[in-house]
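Written below as structure tokens is the structure these notes are about.
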Amino acid sequence: MKLASLQQGRDGRLVVVSDDLSRCVPVPDIALTLQQALDHWDSVAPALAAVAAKLNARGIDGQPFDETDCASPLPRAYQWADGSAYVNHVELVRKARNAEMPPSFWTDPLIYQGGSDSFLSPHDPIMMADEAYGIDLEGEVAVITGDVPMGVTPEQAKAHIRLVMLVNDVSLRGLIPNELAKGFGFFQSKPSSAFSPVAVTPDSLGDAWDGGKLHLSLLSAINGQPFGKPNAGIDMTFDFPTLIAHAAKTRPLSAGTIIGSGTVSNKDPDGGPGRPVAEGGLGYSCIAEIRTIETIRDGKPSTPFLRFGDRVRIEMKDKDGRSVFGAIDQQVAKYEG
């Protein structure tokens, strides 16, 4: 089933969405918000699934579904923890900062805790005061968990994945090096993220979901031009159950916790860095990657970071070309204060 939150108040209004993303049904008698549904998942999920079945079978009409009416599925969350599951991406970006790649990064997941109190809606502008911040998109896959006990194994963690969605984890590349040099992690360099209009239960993803990875191409475009199409199920060093188990090693995770994959990144078939889409490659899910490759190849980067007026689109389509989660579609705009 597919769920969304229409913009209403701080936590949105939960709706069940048809598989083709054309219609939706509010379900206030089941749950007012997605967080409320997650808090009582075992008892409300069957009722939500029954509504979804009727909606898809045209047993109920519902109302037109408009992605621009949506907040992120969870407009705010108790926890947003983002991993770096595609170690190929980590390696490339660290090269751009002249930072050494510890061997442990290939065996021990890397996760940071992001701000979760003010997610952007999927069609909200990315408001920034200065282009010099180095505004970058980061296209990722994310999962929402139920309650996760402390100390779960990756195999046990599979059962706690409730929903899957996409995310634009905006990064400010110009602020990251000095911030990390302080030795205390990201803060100013990681502003509000935006999530896809729709979150989807794993069973609705069919054979594209293998229990831990989503085997579909993540499509990103900048100003209408294809920028990336890497497959999210390839080159993912750590799957979602592994990331969840890592996050829950020393603490339980509350229902509504969001775990991100990190920037989706594929190597070339020959094992080298990916090539741009225009050169027949799979492209990238962030600008930092292509700038690193340009630096390796040409001695300096030539692709600029995002500027005011630029538009970013992130989407994923199934094998029949239908949008699975709807699109994150955002324009960069100047924040005037």
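The values are calculated or read from the model by the stated rules, or taken from the named source; none is laboratory data. Values in this document were obtained by computation on a predicted structure and should not be read as measured data. Cβ: placed from backbone, ideal geometry, glycine included. Neighbour counts: every protein chain shown. Only protein heavy atoms, including side chains, enter the accessible area calculation; ligands, DNA and RNA are left aside. Shrake-Rupley method; radii C 1.70, N 1.55, O 1.52, S 1.80 Å.
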#### Entry: Test: E140 is more than 13 Å from the chain's Cα centre (by Cα) and either part of a loop (DSSP other than H, G, I, E, B) or of a type outside the set (G, A, S) (or both)
no
### Query
In segment 175-194, how many are open to solvent by less than 50 Å² (accessible area, probe 1.4 Å), in contact (Cβ under 8 Å) with a residue 60 or more places away in the chain, in a loop (DSSP other than H, G, I, E, B) and at negative phi?
4
### Task
Enumerate the strands (runs of 3 or more DSSP E) found wholly within segment 1-90, keeping only those where 3 or more residues are more than 30 Å from G272 (Cα to Cα), open to solvent by less than 10 Å² (accessible area, probe 1.4 Å) and touching a residue at least 24 places away in the same chain (Cβ under 8 Å).
2-6, 13-17
### Task
Looking only at segment 263-280, decide whether some residue is farther than 27 Å from G321 by Cα, of a type in the set (D, E, K, R) and assigned to a loop (DSSP other than H, G, I, E, B).
yes
### Query
Which condition does E100 not pass, out of (1) out of contact with any helix residue (DSSP H, G or I) (no Cβ under 8 Å at 6 or more places or on another chain); (2) in a loop (DSSP other than H, G, I, E, B); (3) within 30 Å of K190 (Cα to Cα); (4) of a type in the set (D, E), if it passes all the others?
(1)
### Query
Just to be sure, is N223 at pLDDT 95 or above, of a type in the set (S, T, N, Q) and on the phi > 0 side of the Ramachandran plot?
yes
### Task
Return the residue satisfying two criteria in turn: it lies in segment 103-136 and is touching a helix residue (DSSP H, G or I) at 6+ places or on another chain (Cβ under 7 Å), among the hydrophobic types (A, V, I, L, M, F, W, C) and open to solvent by less than 60 Å² (accessible area, probe 1.4 Å), and of such residues it is nearest to A71 (Cα to Cα).
I111
### Task
Look through R307, R297 and report the one residue that is touching a helix residue (DSSP H, G or I) at 6+ places or on another chain (Cβ under 8 Å) and farther than 30 Å from C24 by Cα.
R307
### Task
Can you work out which of the residues in segment 291-335 that are under 23 Å from the mean Cα position of the chain (by Cα) and open to solvent by 90 Å² or more (accessible area, probe 1.4 Å) is nearest to N231 (Cα to Cα)?
K319
### Message
Can you tell me how many residues within segment 195-218 are in a loop (DSSP other than H, G, I, E, B) and either of a type in the set (D, E, K, R) or open to solvent by 30 Å² or more (accessible area, probe 1.4 Å) (or both)?
### Response
3
